[in-house]
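The values are calculated or read from the model by the stated rules, or taken from the named source; none is laboratory data. Everything numeric in this text was worked out from a predicted model, so none of it was measured. Here the Cβ positions follow ideal geometry from the backbone for every residue, glycine too, while neighbour counts run over all protein chains shown.
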């Protein structure tokens, strides 16, 4: 089981939680980005440096991720691609993307981008603190354990 992390804009706290979980569970943690990611414990995390360019890291994650893996990203188009490939996805605030909600979130994201391009951008509040970190940790732990239980059940069958 592999945890794929879109590391280009992943908060340090999220990276640390994923690495600690890999250490605790034995899951493989792979961070994929277009630039170096500082502070990764190389004993429990792998890093893939992708060439510069739009969606190079995203494309690599989509190519490599398999059913039974888990992906971490705040990139909604990437989340939609992964959900379509039956790979569970969670964002850095603990929201799990599913086939039921990812299309709606993608639509809202696209609408907001259109507003922004038209100069009608609403005010944005981007706080990321202890509340968001806890929400991620709780959601991530829940999804990781669900997938690990499913993997163990499949092996036992």
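Please specify each residue of segment 35-47 satisfying the condition of being crowded, with 16+ Cβ neighbours inside 10 Å and in contact with a helix residue (DSSP H, G or I) (Cβ under 6 Å, 6 or more places away or on another chain).
37, 44, 45, listed by residue number.
Do we have any residue at all in segment 34-53 that's touching a residue at least 60 places away in the same chain (Cβ under 8 Å) and under 23 Å from residue 81 (Cβ atoms)?
No: segment 34-53 contains no residue that is touching a residue at least 60 places away in the same chain (Cβ under 8 Å) and under 23 Å from residue 81 (Cβ atoms).
Working only within segment 104-124, note down all residues that are part of a loop (DSSP other than H, G, I, E, B) and either in contact with a helix residue (DSSP H, G or I) (Cβ under 8 Å, 6 or more places away or on another chain) or at pLDDT 70 or above (or both).
118, 119, 120, 121, 122
Quick test of your reading of the structure: residue 101 fulfils all but one of (1) closer than 24 Å to residue 138 by Cα; (2) modelled with pLDDT under 95; (3) surrounded by 14 or more Cβ atoms within 10 Å (Cβ to Cβ); (4) out of contact with any helix residue (DSSP H, G or I) (no Cβ under 6 Å at 6 or more places or on another chain). Name the failing condition by number.
Status for residue 101: all satisfied but (3).
Determine which member of the set 19, 30, 5 is outside any helix (DSSP H, G or I) and free of Cβ contacts under 8 Å to residues at least 40 places away in the same chain.
Result: 30 is the single residue among 19, 30, 5 that is outside any helix (DSSP H, G or I) and free of Cβ contacts under 8 Å to residues at least 40 places away in the same chain.
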